[in-house]
1. Does any residue in region 217-234 that is β-branched (Val, Ile, Thr) come within less than 6 Å, Cβ to Cβ, of a residue that is at pLDDT 90 or above and surrounded by 15 or more Cβ atoms within 10 Å (Cβ to Cβ) six or more places away or on a different chain, and which pairs are these?
2. Might you let me know whether region 172-185 holds any residue that is open to solvent by 20 Å² or more (accessible area, probe 1.4 Å), in a loop (DSSP other than H, G, I, E, B) and in contact with a Leu (Cβ under 9 Å, 6 or more places away or on another chain)?
3. Considering only residues that are surrounded by fewer than 15 Cβ atoms within 10 Å (Cβ to Cβ) and touching a residue at least 24 places away in the same chain (Cβ under 8 Å), look in region 26-39 and name the one that is nearest to Trp79 (Cα to Cα).
4. Could you check Lys213 against (1) out of contact with any Cys (no Cβ under 9 Å at 6 or more places or on another chain); (2) open to solvent by 20 Å² or more (accessible area, probe 1.4 Å) and say which number it fails?
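The values are calculated or read from the model by the stated rules, or taken from the named source; none is laboratory data. Model, not experiment: these values are computed from the prediction. In this analysis, Cβ positions are derived from the backbone assuming ideal geometry, glycine residues included, and neighbour counts consider all displayed protein chains. Just so you know, the surface numbers come from the protein's heavy atoms only, side chains and all, with ligands and any DNA or RNA stripped out. Shrake-Rupley method; radii C 1.70, N 1.55, O 1.52, S 1.80 Å.
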Amino acid sequence: MSLKRILSIAAFLLGEAIIVAGFYLLGDGMPDGEFRLNLIVSTIIYCALFVDVLVPWISSRDKSQKSVGSIGVRWIVTWIYAICAIAIMLIARYAVEIPFKTQVIIHSALLLMLLLGFIAVLHSSDKVSETYSQEARCRRGLDEMKKAAATLKDAALTSGGVPSGCMAAITELEESLRYISPSNAPEAYTLEVQFAEVVKRITYAVSDYPLNKEKIESDLKRAGQIYQNRKSIYSN
């Protein structure tokens, strides 16, 4: 366990101890049922506000950062619950005599609101994660196209036997990929796979250009046609 984790737990326990001590020292005259109810509610409020310190919601390991999209919702729900719960405790204690059973019902309703809010937070996080996963899927085939084109260019440069005209065509093909936008259309992914396969065939053949000249030129034209078809497809 890391030092940060140990200190966080120690701070949490110390804070809870202060809350309990405060109730026992300052709660004279409070009925036992109301005393226990207010102590439990105060602990829930404290836990809800302290959770970011004890268990951070933002993780550097989560590339989607799904928690970021739910921070605003979570804090709004948490603070509304905390303000309302504290207000009920103070009103019942110092302003209006509220029957204990009514207090239990009110605090239960507020706790239900908090739980529903956390469900909304989780739903918001799932939507962010779903969007990230969809974007990652959209980029996967495009990344394969770029990787295949870069590998082809390196192989052509290494072989040393590729004429300048063919080398220019390979370079142009690689650089043109920057103008393609990610797409979630099924036909886009099909074209991306086809492009990568054709370019990989050229990569294997380019090491012996004179022997494979016709095949390389034919496949370059094929790759260029696939590129044009893919370039015209955008997300739905």
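1. Ile226/Leu191; Ile226/Gln194; Ile226/Phe195
2. Checked against the condition, which is being open to solvent by 20 Å² or more (accessible area, probe 1.4 Å), in a loop (DSSP other than H, G, I, E, B) and in contact with a Leu (Cβ under 9 Å, 6 or more places away or on another chain), region 172-185 yields at least one hit.
3. Among those residues, the one meeting the criterion is Gly33.
4. (1)
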